[in-house]
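First up is the structure itself, then whatever we jot down about it.
The values are calculated or read from the model by the stated rules, or taken from the named source; none is laboratory data. All values reported here derive from a predicted model rather than from experimental measurement. FYI the Cβ positions are ideal-geometry reconstructions off the backbone, even for glycines, and counts take in every protein chain you see.
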Amino acid sequence: MNPRYLTSVAELDNLVGLGTKEREEMESVTELYPFRANDYYLSLIDWKDDKDPLRRIVIPDAKELAYGGCADPSHEKDYTKQPGLQHKYDQTGLLLLTDTCAGICRFCFRKRLFMSCKRETVRDVSDNIEYIREHKEITNVLLTGGDPLTLSTRQLEPVLKELREIGHVNIIRIGSKMLAYNPYRILNDPELLSVLSRYSTPAKRIYVVAHFNHPRELSPVSVQAAEALRNAGVVVVQQTPLLAGINDNSQTLTTLFRKLSFAGISPYYVFQCRPTTGNTTFAVPVEQSYDYIQRSWQACSGLAKRARFVMSHATGKIEVVGKTASHIFMRYHQAADPGSIGTFMVFKRNPLARWFDDYHQPLTDFEPKKLWLF
């Protein structure tokens with residue numbers, strides 16, 4: 001199967017049939033936030049259910065036009081060293097290879113790439129490869145965008161080759177939702193699997209960081225594609241934001257984590273939904289998110305609950321590690337300032353908080369580098 005891509009509401013209407021009002025509302029959304037999907041993924045949606053979670057992942061919704069958020073909530077511009085390259089954490093370089101995805105998630109935190117005329121990706125990555133070569137503290141490189149697997153294998157292979165020739169780059173990560181949106185990209189391209197096998201070595205692996213937001217995305221075809229990647233020597237892990245109307249209940253999360261572990265895909269991160277423009281409808285309060293995750297893990301084995309619950313804040317990845325009746329506890333799992341890594345923070349509970357910035361400023365700082373009490 002070679003899925004057919006759709007980029008307009010008119011094409012979607014021809015495929016599934018939309019009501020007049022529904023079509024008009026979707027078109028008003030796509031004037032601001034583009035639409036892209038394919039007939040494979042759309043076939044997984046229950047079109048009789050207007051609250052179907054997979055529908056909510058990819059189909060435009062008028063609620064996206066609600067006020068709130070910003071284009072760059074994690075301040076990626078502050079860590080962009082040159083076009084197409086970010087260097088926020090010492091050991092990690094991030095290459096934005098493309099501004100195309102197999103499907104446009106309605107909650108995308110980098111949707112500015114699809115909206116702006118100003119490109120943040122570059123076709124010629126030679127200068128960015130040179131930056132990585134010169135910065136020997138970079139031990140792993142994340143290929144992202146957009147989705148790097150929308151590139152042809154012919155375009156992707158030289159990037160992998162050059163990175164693998166840099167001695168201090170030990171891990172190459174590919175952030176991709178292709179396993180969910182179009183697993184046939186992997187299954188129908190033996191050359192891709194051959195290239196990945198060539199550059200994923202026993203001592204220096206390639207990781208595919210898959211994006212499964214709901215257990216129904218983990219179809220038999222997706223599992224087969226993940227197995228093909230593993231057979232090519234690639235390590236497959238998974239991450240998802242926690243999203244209202246998609247996976248904001250413990251039962252759904254339990255099913256997702258268990259299915260992933262059964263298929264040999266390791267849960268890696270659960271993200272708090274970033275406050276990006278248009279994402280208000282997907283936001284769940286931080287403390288509710290934490291509770292959903294904890295309850296879901298009650299029915300999971302240790303292998304199914306290895307993910308960390310984090311906020312990708314401008315200052316670093318802030319992990320939510322616990323709470324009591326009056327306080328919530330966090331730590332810097334990763335930080336732009338290496339000295340902040342591991343810093344433990346205690347906040348007074350705020351049930352309405354949807355982001356780190358919603359918690360109060362310090363009241364007492366009795367051990368600045370190790371414990372803050374708020």
- Conditions (1) under 20 Å from ILE57 (Cα atoms); (2) assigned to a loop (DSSP other than H, G, I, E, B); number of the one not met by GLY233: (1)
- Grab the helices (runs of 4 or more DSSP H) fully contained in the range 87-188, keeping just those with 2 or more residues being over 30 Å from SER219 (Cα atoms) and free of Cβ contacts under 8 Å to residues at least 40 places away in the same chain. 126-134, 153-164
- Of the residues in the range 22-50, those that are surrounded by fewer than 16 Cβ atoms within 10 Å (Cβ to Cβ), under 23 Å from LEU65 (Cα atoms) and among the small types (Gly, Ala, Ser) number 1
- Could you grab me the full set of residues in the range 71-99 that are touching a helix residue (DSSP H, G or I) at 6+ places or on another chain (Cβ under 7 Å) and more than 28 Å from ASN170 (Cβ to Cβ)? ALA71, ASP72
- Note on the structure: Only one of THR100, THR92 is β-branched (Val, Ile, Thr), touching a strand residue (DSSP E or B) at 6+ places or on another chain (Cβ under 6 Å), at negative phi and surrounded by 14 or more Cβ atoms within 10 Å (Cβ to Cβ), namely THR92
- For LYS88: the one exception among (1) of a type in the set (Lys, Arg); (2) in contact with a Lys or Arg (Cβ under 8 Å, 6 or more places away or on another chain); (3) within 22 Å of GLU130 (Cβ to Cβ): (2)
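Residues checked against (1) within 25 Å of THR277 (Cα to Cα); (2) of a type in the set (Phe, Trp, Tyr); (3) in contact with a strand residue (DSSP E or B) (Cβ under 7 Å, 6 or more places away or on another chain):
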residue	(1), (2), (3)
ILE104	yes, no, no
PHE107	yes, yes, yes
ARG112	yes, no, no
LEU142	yes, no, yes
THR153	no, no, no
LEU187	no, no, no
SER194	no, no, no
ALA203	no, no, no
- Going through (1) modelled with pLDDT under 95; (2) of a type outside the set (Lys, Arg); (3) on the phi < 0 side of the Ramachandran plot; (4) outside any helix (DSSP H, G or I) one by one, GLY68 fails only at (3)
- Taking the range 51-65 as the search range and keeping residues that are more than 19 Å from the chain's Cα centre (by Cα) and either of a type in the set (A, V, I, L, M) or part of a strand (DSSP E or B) (or both), which one is surrounded by the fewest Cβ atoms within 10 Å (Cβ to Cβ)? ALA62
- Message: Go through the range 183-194 and report how many residues are surrounded by 20 or more Cβ atoms within 10 Å (Cβ to Cβ) and farther than 15 Å from ALA210 by Cα.
- Response: 1
- Message: One residue is enough: does the range 22-30 have a residue meeting the conditions hydroxyl-bearing (Ser, Thr, Tyr) and assigned to a helix (DSSP H, G or I)?
- Response: yes
- Query: Taking the range 253-307 as the region of interest, how many residues are in a loop (DSSP other than H, G, I, E, B) and within 18 Å of the chain's Cα centre (by Cα)?
  - Reply: 11
